[in-house]
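The next block holds one structure in the form of structure tokens; read it before the comments.
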Amino acid sequence: MCQYSAVDGVVGTWHQVHLGAFATGGSALVMVEATGVNSVGRISIGCPGLWNDEQEAAFVPIVKFAHSQGTLIGIQLAHAGRKASTTLPGSDHAIATPAEGGWQSVAPSPIAFHGLQHPHELSVEEIKQTTSDFVAAATRAVRAGFDVVEIHAAHGYLLHQFLSPISNHRTDEYGGSLANRTRFLREVSTAIRGEIPDTMPLFVRISATDWSEGGWDLEQSIALAQELKLIGVDLIDVSTGGTLHDAKIPVAPGFQVPFARAIKEATGILTAAVGMITEAEQANSIVESDSADLVMLAREMLRNPRWTLDAATKLAASAEWPIQLIRGKKS
């Protein structure tokens, strides 16, 4: 599990999203990343899942601990598709063998991602079952006490694989036209929105571009975001890339922020900015300039788990320090 973090004063308030816990403002949010909705939906043999009672029960004390610290917690529901069944980081080989717990990966089309398995092409019946798996996982997330559900449709994972013409060569109702390629994600989003409480925020993470001609792009992302807004999605978490291993991506501080801004301006939906955002002033300026409504951090939080406390100090914003750390707070 990795985490994002958001703090009022650094990323703005939550009052524009659904009501409930997010009306409070000033709370941090951590996100449990890439949680498989079924056993073949995990990225690696070591990734978390939420498809059975045991997994649901295991998340309950984690959620309760987050809440005990005054922190909101969300869960990112995912299916890795053709990027699944990998070994743990640091292994000398990429694809997990059956003896290691590996499995057959699946995808919209039988096109392998660089260095990984040749995937099984999902049938329409299997697509419908996967939608049901997403809904069941969302139901479990609600029961476990999570505050937010995010659908992971980015970074070249299954839902993104359906969106992109590079990875989706289907000729049925789930391939070809934009309406067909977005159908799976729209069905998943509609089903989850209808299952979770009306007051519970629903996020969708997308890659706004494949960074490749003929792939998924910003224009299609805007059209998708408009559809998701009508469905009842509250926020689009805007990242990029992941379909191609060798895409030429111009990585630089805040390089994905313009995509969040473009989607926000074109559709009016709330957006989150991610990627190479490391400084408090940088994060604050993204929100203050209305480029996005929310900033999410991952790698910077791994480097500095107390980033939000440092940011609050730099920006003269209020933040409640854990009692164990209070003696380190600058007056």
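Annotations
- Scanning the range 71-94 for residues that are surrounded by 13 or more Cβ atoms within 10 Å (Cβ to Cβ) and over 25 Å from residue 158 (Cβ atoms) returns 71, 72.
Yes/no matrix, rows are residues, columns are (1) more than 14 Å from residue 145 (Cα to Cα); (2) touching a residue at least 60 places away in the same chain (Cβ under 8 Å):
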| residue | (1), (2) |
| --- | --- |
| 55 | no, yes |
| 74 | no, yes |
| 79 | yes, yes |
| 101 | yes, no |
| 105 | yes, yes |
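- The residues of the range 131-180 that are among the charged types (D, E, K, R) and in contact with a Phe, Trp or Tyr (Cβ under 7 Å, 6 or more places away or on another chain), listed by number, are 133, 150.
- Hits in the range 195-220 (condition: in a helix (DSSP H, G or I) and buried (at least 24 other Cβ atoms within 10 Å of the Cβ)): none
- Evaluation of residue 331 against (1) within 29 Å of residue 67 (Cβ to Cβ); (2) touching a residue at least 40 places away in the same chain (Cβ under 8 Å); (3) polar (S, T, N, Q) (one fails), failing number: (2)
- Entirely in the range 232-331, the helices (runs of 4 or more DSSP H) that have 3 or more residues that are farther than 17 Å from residue 205 by Cα: 280-288, 299-303, 307-314
Any read-out appearing in this document is the output of simple, stated calculations on the displayed coordinates, not a laboratory observation. Note that the structure is a prediction, hence the values are computed from the model and not measured. Don't worry about glycine lacking a Cβ; one is built from the backbone with ideal geometry, like all the others, and counts go over all protein chains shown.
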